[in-house]
1. Given the pairs 85/117; 52/117; 64/157; 52/132, which span a C-alpha to C-alpha distance of over 28 angstrom in this model?
2. Provide Rg and Dmax in Å for the chain, with only Cα atoms included in the calculation.
3. Rounded to the nearest 10 degrees, what's the angle between the helix 135-162 long axis and the longest principal axis of the chain, both from Cα atoms, 0 to 90?
4. Tell me the carbon and sulfur percent of the accessible area for region 65-163, rounded to whole percent, probe radius 1.4 Å.
5. State, in angstrom, two size descriptors of region 77-135 derived from its alpha carbons: Rg to one decimal place and Dmax to the nearest whole number.
6. Under 15 Å Cα-Cα from residue 35, which aspartates and glutamates qualify once same-chain neighbours fewer than 8 residues away are excluded?
Amino acid sequence: MRHVLIALAALACAATSLAAAPEYTTIRMEIDVAKPASQVWAKVGGYCDISKWLEVECMITSGKGDLGTVRVLAGGRVTEILVGKTDLSYGYTQPVREGQFYNLYHGFMEAKPVTDKTSKIVYTLVYDVSDKADQAAKDADVAQRRMRFEAALKNMKRIAETE
């Protein structure tokens, strides 16, 4: 029995040493908007306004827009929890999903005043890319997310300035 326990302990140590160390990446994007930050936020800053500018289905499954509110996107494929909020910003995370790599995904969106009449929308993503096979796969993942969220920023700008 003692030999079995020693073998199991050695196996556990070996498995731990083979796991990739986390490699967190940050994608920061922004766009200028010809409207005050408070007006921008009123049009695109609701927790389910993501359905307008990312063009994805959104449903609040618990909470009322305060910390801990849970939104479900894309028919339940993505769950996000509100973990930070100010008058002109919010931050969210995606929880662990059984059987999948946990990338510690966090997003943060802010309408930032520039002048009395202008602002910028800043969107930042932070997550772990250590599950990607190589640097090319990591770069491709970052490029795909950047492209999707830069399109969302353009949509937010259009909504804020014209509607």
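1. 52/132
2. Rg and Dmax of the chain, Cα atoms, are 19.8, 74 Å.
3. With both axes taken from Cα atoms, the answer is about 20 degrees.
4. Looking at region 65-163 in its full context, I get 54 percent from C and S.
5. 15.0, 49
6. Within the straight-line limit of under 15 Å, residue 35 reaches these aspartates and glutamates: 110, 116, 161, 163.
The values are calculated or read from the model by the stated rules, or taken from the named source; none is laboratory data. Just so it is clear, the model here is predicted, and its values are computed rather than measured. Ligands, DNA and RNA are excluded from the accessible area calculation, which covers all protein heavy atoms including side chains. Shrake-Rupley method; radii C 1.70, N 1.55, O 1.52, S 1.80 Å.
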